[in-house]
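K.L.:
Mind having a look at this structure? Questions to follow.
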Amino acid sequence: MEVIQYPNDNYYDEVRDRIGSLTDQVQLLFSHLTGEQLNTKPEPGRWSIGECLDHLITTNRSYYPAFQALSKANRRPSFWERFSPFSHYFGKLLIETTGPTVTKKYKSPPAFRSTRSSVPDDIVSLFAKENEQLVELTDRMRMNPPLQTIVTSPASNLVTYTLGDALEIILGHEQRHINQAKAVLDMTILNKHTQEVQ
């Protein structure tokens, strides 16, 4: 299997810029919405805009313990991280299946699901703060582990991939659900317009 290569020299700068761009998208699209609008579902069984953002916060936080450990020089890899033959397979698979291009819908693992029935009115600000935290964590890792270091997925102890893959999974996953939230917004605007002209 082809191994995805990440240049250490400028990759973290690219990650910082991409996180900033994702935050900007969310603030531009959703910061003007009310709490009611953020919590409105387009139809039963589908997520509201707020739930999309809350899911991203929950998912990203699940990576923090691993990233905090990686920033320490004495971090020891697990047995499976050292010997799993599937790390590059899982990395490439998850980058593709959780990224912005939706070819199939997948149910989120329990570790990534929000337990809130409704999200707070300041969910956009909370998302922005979480992305700031993500930038801080990646900056701490800049000087320590190589991007080819193998890490374990917070969703399953059997799933491993490289640190670079983990960052790509997070960034692609954010864009996927921002796109989903934008589709909800577009649908809401269309429904409102339809009601007004009737």
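The values are calculated or read from the model by the stated rules, or taken from the named source; none is laboratory data. Note that the structure is a prediction, hence the values are computed from the model and not measured. Don't worry about glycine lacking a Cβ; one is built from the backbone with ideal geometry, like all the others, and counts go over all protein chains shown. Quick note on the areas: whole protein, heavy atoms, side chains included, nothing else; ligands and nucleic acids left out. Shrake-Rupley method; radii C 1.70, N 1.55, O 1.52, S 1.80 Å.
K.L.:
Would you work out the charge dipole size for the chain about its Cα centre, treating the Cβ of every Lys and Arg as +1 and the Cβ of every Asp and Glu as -1, and quote it to the nearest 20 debye?
P.N.:
I would put it at about 720 debye.
K.L.:
How large is the translational diffusion coefficient of the chain in µm² per second when you combine the Kirkwood radius over alpha carbon pairs with Stokes-Einstein at 20 °C and 1.002 mPa s?
P.N.:
The Stokes-Einstein estimate is 120 µm²/s.
K.L.:
Need one number: nm distance between label points at Tyr106 and Thr149, each 7 Å from Cα along Cα→Cβ, rounded to one decimal.
P.N.:
In this crude spin-label approximation the distance works out to 2.4 nm.
K.L.:
Rounded to the nearest 500, what is the chain's calculated 222 nm mean residue ellipticity when only DSSP H runs of at least 4 contribute -39500 (n - 2.57) each, over all residues?
P.N.:
Only helices count here, giving -20500 deg cm²/dmol.
K.L.:
Eight or more residues apart or on different chains, and alpha-carbon atoms under 18 Å: count the Lys pairs in the chain matching that.
P.N.:
8
K.L.:
When the solvent-accessible surface of protein heavy atoms is calculated with a 1.4 angstrom probe, in what order do Lys41, Lys72, Lys92 fall, highest first?
P.N.:
Lys72, Lys41, Lys92
K.L.:
With θ taken as phi - 60° and the coefficients 6.51, -1.76 and 1.60, list the Karplus ³J(HN,Hα) couplings across the stretch 77-85 in order, rounded to whole Hz; mark glycine and proline as x.
P.N.:
x, 6, 4, 5, 5, 6, 10, 4, x
K.L.:
Further question on the same structure: With a point put 7 Å past each Cα toward its Cβ, work out how far Ala73 is from Asn179 in nm, to one decimal.
P.N.:
If labels sit at Ala73 and Asn179, their model points lie 4.2 nm apart.
K.L.:
If you don't mind, there's one more thing I want to ask. How large is the charge dipole for the stretch 1-108, taken about the Cα centre, if only the Cβ atoms of Lys, Arg (+1) and Asp, Glu (-1) carry charge, to the nearest 20 debye?
P.N.:
Magnitude of the dipole: close to 520 debye.
K.L.:
Carbon and sulfur together cover what percent of the accessible area of the chain at a 1.4 Å probe radius?
P.N.:
54
K.L.:
Could you state the accessible area per residue of the chain in Å², with a 1.4 Å probe and every protein chain left in place?
P.N.:
Accessible surface, normalised per residue, equals 56 Å².
K.L.:
Say the dipole of the stretch 10-149 comes from +1 at the beta carbon of Lys and Arg and -1 at that of Asp and Glu; which of Pro42, Tyr12, Pro77 then lies farthest toward its positive end?
P.N.:
The residue sitting most towards the positive pole is Pro77.
K.L.:
Could you tell me how many degrees, from 0 to 90 and to the nearest 10, lie between the Cα long axis of helix 163-197 and the main elongation axis, the longest principal axis, of the Cα atoms of the chain?
P.N.:
Orientation of helix 163-197: about 0 degrees from the principal axis.
K.L.:
Another question, if that's okay. Can you compute the modelled spin-label distance between Asp186 and Arg16, with each label point 7 Å from Cα toward Cβ, in nm?
P.N.:
Each label point is offset 7 Å from its Cα along the Cβ direction, giving 3.3 nm.
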